[in-house]
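Take a look at the structure set out below.
The numbers here are math on the coordinates, done by the rules we state, and not lab data. This one's a predicted model, so the numbers in the text were calculated from it and none came from an experiment. Here Cβ is always computed from backbone atoms with ideal geometry, including for glycine, and neighbour counts include all displayed protein chains.
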């Protein structure tokens, strides 16, 4: 971990020459590698991996000299498969939903929190196929770094989310604990414009 | 030239970050090891039915929802010829099946149908019938005029007489058939030939006979323990009857149903609703009745897999 920190600082300092200022409303598209776990009533857990996609609209509340506070709207999608799936016994799942959040950015670093309202569909494919659909909410924290290239920026972030799937949604005897860890790869486009100006440009003849 | 080399640290940086975080998240990822119960329908509960028909041969375990709707054939031993006898729950995904020929306990996954040998012993021979789960990894199984105990797949005791021998105190077994555990954790057994209901203290490595009562009717076979503190059992000696008795066998059994709906009862189970399921060998049907003896559904499950039913197991909603 110490070795990694030293490498990180070295690369960060050598990269200052390519820094370009971005600002205003930004659009962020991300692809992620999720690791998700749902608990069962008997204490066992179902683990999933797969692919995640995310889109964000970031609107600045405050921006000054490399520091920014952003309000964000998020749409997230997880495409998952249970890690113990095998031929003849497969569980797959799709989770999708919107959310809102707040992020704090300092130079290349960002920290944020999102509140998501997700809809999930799980399918069991085997001799007796079954499916279930349920809703849940989850709170997610993330930390990331990004490097700008003009109006664009490439970024990397780590997200950690926890939530509960209520037993009233699933019919199980207990609520299920939801835990998520995701690595996200970001491509961000900063428009340089305020949200109001951007909205006007969309309806302008 | 300077601009070109400027990007080199960035590329190196992203590569190291990605590799490090990927390895970290993989190492710290969820252990899992299970499927999500709600996705498999275990939030709804399941009914498992074992049958062993000699001709035409049919030896299967089938799965239904709690309304009696067919879901799947879990296990088909028709070709192998195993005689399927008792069912007990192992965990939400697996059951224990007792078989006569071969004389053993098998663990069966109710979703994949995979069956593996769980317990057998050179001393585990004779007529194998019902099996019941006493605790995790502990099973009590009928073997002719005795009851065997298996702990973690091994016979207990490892050698010598069975855990419950033919005669123990005031209890004498003559062809044991049905087993159940009452709410106090005591073992209740039906003794077919001498028409007795027997109660044992099985809380220690040595069993003790607590009570032996007459079944009133003759040839008692299936027996179940109900959360209301009562036992319900069926007799095959005319008239075929369903009886109710206190779970400590205090007092004489009371008949709750003895009409055309009861015809050679061979297996029983308790639904989460509190109603009873009774499998009739003559009509090849499972009926649903209340604890007061009212018939709710005279054809709760009746299909090609309900001939000569040997056991019914209800897995409650998880």
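Quick notes
- Kirkwood Rh in Å, taken over chain B so that all alpha-carbon pairs contribute: 21.0 Å
- Computed FRET value (nearest 0.05) for residue B:55 with residue A:77, which takes r as the C-beta separation and R₀ as 45 Å: 0.20
- Counting beta carbons within 10 Å around each of A:69, B:242 and listing the fewest first gives the order A:69, B:242.
- When each of the peptides B:36-47, B:170-181, B:54-65 is scored by how many other beta carbons lie within 10 Å of its residues on average, the order from highest to lowest is B:36-47, B:170-181, B:54-65.
- Distance from region A:40-110 to region A:117-132 (C-alpha centre basis), Å: 20 Å
- Once the Cα-Cα distance is subtracted from the 0.36 nm per residue extended length, the residue A:143 to residue A:162 segment shows a gain of 5.3 nm.
- Dimensions of region B:143-277 from C-alpha coordinates, computed as largest minus smallest value along each principal axis and given longest first, are 46, 31, 27 Å.
- Rg/Rh (Cα only; Kirkwood hydrodynamic radius) as it applies to region B:165-245: 0.95
- Taking label positions 7 Å along the Cα-Cβ direction at both residue B:156 and residue B:302, the computed distance is 4.3 nm, reported to one decimal.
- For region B:228-318, the spread of Cα positions along the three principal axes, ordered from largest to smallest, is 40, 39, 21 Å.
- Among the residues of A:45-53, the average count of other protein chain beta-carbon atoms within 10 Å of the residue beta-carbon is 4.
- Zero-based 10 Å bins, Cα pair distances in the protein assembly as shown, whole percents: 4, 17, 21, 17, 12, 10, 9, 7, 4, 1, 0
- Largest first and in whole Å, the equivalent-ellipsoid semi-axes of region B:104-164 read 20, 12, 11, each the square root of five times a Cα gyration tensor eigenvalue.
- Region A:107-205 - Rg (one decimal) and Dmax (whole number), Cα, Å: 19.5, 59
- Calculated on the Cα set of region B:86-227, radius of gyration then Dmax: 14.3, 44 Å.
- Kirkwood Rh (inverse of mean 1/r, distinct Cα pairs), chain A, angstrom: 18.8 Å
- Taking every alpha-carbon pair in region A:105-163 and binning the separations at 5 Å intervals from zero gives 4, 14, 16, 13, 13, 12, 10, 8, 5, 3, 1 percent.
- Peptide A:28-40 has a mean of 3 when you count, residue by residue, the C-beta atoms of other protein chains within 10 Å of its C-beta.
- Computed label-point distance, nm, for sites residue B:117 and residue A:121 using a 7 Å Cα→Cβ extension: 4.6 nm
- By the count of neighbouring beta-carbon atoms within 10 Å, fewest first, B:74, B:295, A:162 end up ordered A:162, B:295, B:74.
- Only alpha carbons enter this Debye calculation for region B:33-94, each as an equal point scatterer, and the log10 of I(q)/I(0) it gives at q = 0.12, 0.25, 0.28, 0.29 Å⁻¹ is -0.35, -1.09, -1.22, -1.26.
- Cα gyration tensor category, rounded, prolate or oblate, for region B:142-197 with a/c compared to 1.5: oblate
- Structural size metrics of region B:250-295, computed from C-alpha coordinates, are Rg and Dmax of 10.9, 33 Å.
- Semi-axis lengths, Å, region B:129-169, gyration tensor of Cα atoms, sqrt of 5 times eigenvalues: 17, 12, 8
- Ordered by the number of other Cβ atoms lying within 10 Å of each residue's own Cβ, fewest first, B:148, A:180 fall into the sequence A:180, B:148.
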